[in-house]
Amino acid sequence: MSAPTAWLVTGATGQLGTDLQALLAGADVTALGRRELDLTDEAQVRGVVGAWRDDALARGAHPVVLNAAAYTAVDAAETDEATAELVNGRAPGWLAQELAGRGRLVHVSTDYVFAGDATRPYRTDDEPAPRTAYGRTKLTGEQAVAAVGGDAVVVRTAWVYAAHGRNFVRTMLRLEREHDTVSVVDDQTGSPTWSHDLARGLVEVALSPTRGVLHATNDGATTWHGLAQAVFAGVGADRDRVLPVPTSAYPTPAPRPAYSVLDGSGWTAAGLTPLGAWEPALATCLSQLGVLAT
């Protein structure tokens, strides 16, 4: 009989961390937010995770860390790269070291490790070329995990939203109520990914023997403008109230990828369940929020 799993979820108060906890309800779960686990503090990270790991092993459980924590303020990272480097770049390596030979790590990464100028979906073996501080630090985190060589898998994802927290979908729902029209960029393409589906995928991959790097998003692609139109239509509003504008209309400190679609063929090749198409996932999320048009 295999050992039961003891789960540790970092980034517990974030979108993905919240959905992971809901999915694992009733299991042996320790969920840590920023207050309980400061990922800029190496001594604390090693002390907290090491103590949790040893306790799990003493109880005959197999320790698995789902690292859903990250410094995700893309623009702020441009002027605070040192902090982003600790959270996104160094901390994943500390986690991997604490688990090497004694547990498993599932580390969440991002499409921002790529340049964002491709004309086909990015494969896992495509050369990373981050153009932002956020992307650079997330790539450093991937490399730190790989350097340890333990039982670990890096899962890149993109365009994540949830029924809770601050995200693009919830922002569009608010703007639909508050404004006659909304302008949204139409020259950035990606795969909207529902956090609930991603959480399910992360738990599945955690329980698999897969190592290395995988891509996991909902299937299909659209633009931010297309996603906003889908949100409007989903609540019964006129999708033409969403006006297309170029990225240049909204200059930001950190450049946004023009193309963020990730090739998920490695996910299915590993025998893992596809996350499903983005349109029905969005509809289910809107239904959970009680705003889906009938």
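The values are calculated or read from the model by the stated rules, or taken from the named source; none is laboratory data. Nothing here was measured: the structure is a model prediction, and the numbers come from that model. Virtual Cβ from ideal backbone geometry, glycine too; neighbours counted across all protein chains shown.
Worth pointing out:
- Scope region 80-89; condition surrounded by fewer than 23 Cβ atoms within 10 Å (Cβ to Cβ), closer than 20 Å to Ala12 by Cβ and not aliphatic (A, V, I, L, M); matching residues: Thr83
- All positions within region 14-36 that are of a type in the set (Asp, Glu) and surrounded by fewer than 22 Cβ atoms within 10 Å (Cβ to Cβ): Asp28, Glu36
For every residue, the table says whether it meets (1) among the aliphatic types (A, V, I, L, M); (2) out of contact with any Pro (no Cβ under 8 Å at 6 or more places or on another chain); (3) part of a helix (DSSP H, G or I).
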| residue | (1), (2), (3) |
| --- | --- |
| Glu142 | no, no, yes |
| Ala147 | yes, yes, yes |
| Arg156 | no, yes, no |
| Gly165 | no, yes, no |
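- Residue within region 200-218 that is more than 16 Å from the chain's Cα centre (by Cα), surrounded by fewer than 23 Cβ atoms within 10 Å (Cβ to Cβ), at pLDDT 95 or above and under 23 Å from Thr72 (Cα atoms) present: yes
- Only one of the numbered conditions (1) assigned to a loop (DSSP other than H, G, I, E, B); (2) closer than 20 Å to Gly17 by Cβ is violated by Thr137, and that is (1).
- Pair list, Cβ under 7 Å, 6 or more apart: region 125-139 residue among the hydroxyl-bearing types (Ser, Thr, Tyr), other residue assigned to a loop (DSSP other than H, G, I, E, B) and surrounded by fewer than 21 Cβ atoms within 10 Å (Cβ to Cβ): Thr132/Val74; Thr132/Ala254; Thr132/Pro255; Tyr134/Val74; Tyr134/Ala254
- Checked against the criteria, Leu292 counts as modelled with pLDDT under 95, part of a loop (DSSP other than H, G, I, E, B) and either touching a strand residue (DSSP E or B) at 6+ places or on another chain (Cβ under 9 Å) or not small (Gly, Ala, Ser) (or both).
- Members of region 98-131 that are touching a helix residue (DSSP H, G or I) at 6+ places or on another chain (Cβ under 6 Å), assigned to a loop (DSSP other than H, G, I, E, B) and buried (at least 17 other Cβ atoms within 10 Å of the Cβ): Gly103, Pro128, Pro130
- Within region 212-233, residues that are of a type in the set (D, E, K, R) reach partners that are surrounded by 21 or more Cβ atoms within 10 Å (Cβ to Cβ) with beta carbons closer than 8 Å, at six or more positions or on different chains, in the pairs Asp219/Ser191; Asp219/Gly264; Asp219/Leu275; Asp219/Trp278.
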